[in-house]
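Heads up: the structure comes next, in structure tokens.
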Amino acid sequence: MTRSRPHLRGGARLARQLLTPTPDPAPGGDPWQVQRPGDPRAALARGRGQARRLGGVGLLIVLTLVALSFLGTLSVLLGIGVASGSDVAGWLLALTLLLSFAVIAWSARRARRLLRAPTPDTVTLHAAPGDELGLLRTLRQYERALPTPSLPAFQQAVTATRDALRVTEHASTLTRDVFDARQAAREDLPRILGSYAAAHTPDHRELDRQLQLIEARMTAITREQAQAQRRDQQADTTFLRDKYTPPQD
């Protein structure tokens, strides 16, 4: 009995993991990476996630059937008691039927949660600003529609725009840098990608040039904002040194 306890604990732990909704693992762990069509790592990650979900649903079905079979047997025995005129058996039968419905409802809700587990993007960026979430949706929407030669330019433009959004996130005034970063994420990238996807004869070279223009501007914004933040820090250091350094006699 003592030797079987570790196996029982391990089995219970595995059952809890299978019945707990978890997001599909992201290839490489970075939701901002372009998922190339036919990438074996992405296919393997999706396969593992689907296998985990199906295993959880299968275990849930088995546990539900076991519970319902026990409750069904108990209901039959209590039904015999009710037929014999036992009031206690009647109350217990009603309680058993309610418990059966509760088991079915719990199983259905748990199965729905397992099958609708959140994506890694949602889990990773649930607290991110709206512009950054919109930019990630743009990445996911168009990454499979672009030709392979354009994917590096697309990745670099999206990453540069994300970085520009982050360095201008807490700006107190709407400067040109802040405006351009938000416009790139909200309008420019979705517009040029949508135009490319809708074109009868799309020109990926022209798309690459557009993406490179956006990347260059976003990189310049990030660099300028970083320099401005360093200047502000240096100014704070000078202020604190003048404030707290005692005068020399």
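The values are calculated or read from the model by the stated rules, or taken from the named source; none is laboratory data. Predicted model only: the values in this text are computed from it and were never measured. Here the Cβ is made from the backbone with ideal geometry for all residues, glycine too, and neighbour counts use every protein chain on show. What goes into the accessible areas is simple: the full protein's heavy atoms, side chains included, and nothing from ligands, DNA or RNA. Shrake-Rupley method; radii C 1.70, N 1.55, O 1.52, S 1.80 Å.
Within the range 170-249, the proportion of C-alpha pairs whose separation exceeds 20 Å stands at 55%.
Please list 161-169, 100-108, 138-146 highest first by mean number of surrounding beta-carbon atoms within 10 Å per residue.
Descending mean neighbour count gives 161-169, 138-146, 100-108.
Probing with 1.4 Å while keeping every protein chain in the model, the per residue accessible area of the range 75-223 equals 59 Å².
Diffusion coefficient (Stokes-Einstein, Kirkwood radius over C-alpha pairs, 4 °C, 1.567 mPa s) for the range 124-204: 97 µm²/s, rounded to a whole number. With a ≥ b ≥ c the root eigenvalues of the C-alpha gyration tensor of the range 95-249, is it rounded (a/c under 1.5), prolate (a/b larger than b/c) or oblate? Taking the square roots of the gyration eigenvalues as a ≥ b ≥ c, the range 95-249 is oblate. Ordering T138, A153, V178 by Cα displacement along the dipole of the range 136-192 toward the positive end leaves T138 in first place; charges were set at the Cβ atoms of Lys, Arg (+1) and Asp, Glu (-1). So, in Å, what gap is there between the alpha-carbon centers of the range 224-246 and the range 153-198? Spelled out, the Cα-based centre of one part sits 29 Å from the other. Charged side chains reduced to their Cβ positions (Lys and Arg at +1, Asp and Glu at -1) give the range 125-249 a dipole of some 200 debye around its Cα centre. Considered as an equivalent ellipsoid built on the Cα gyration tensor, the range 184-230 has semi-axes of 29, 11, 4 Å, the largest given first.
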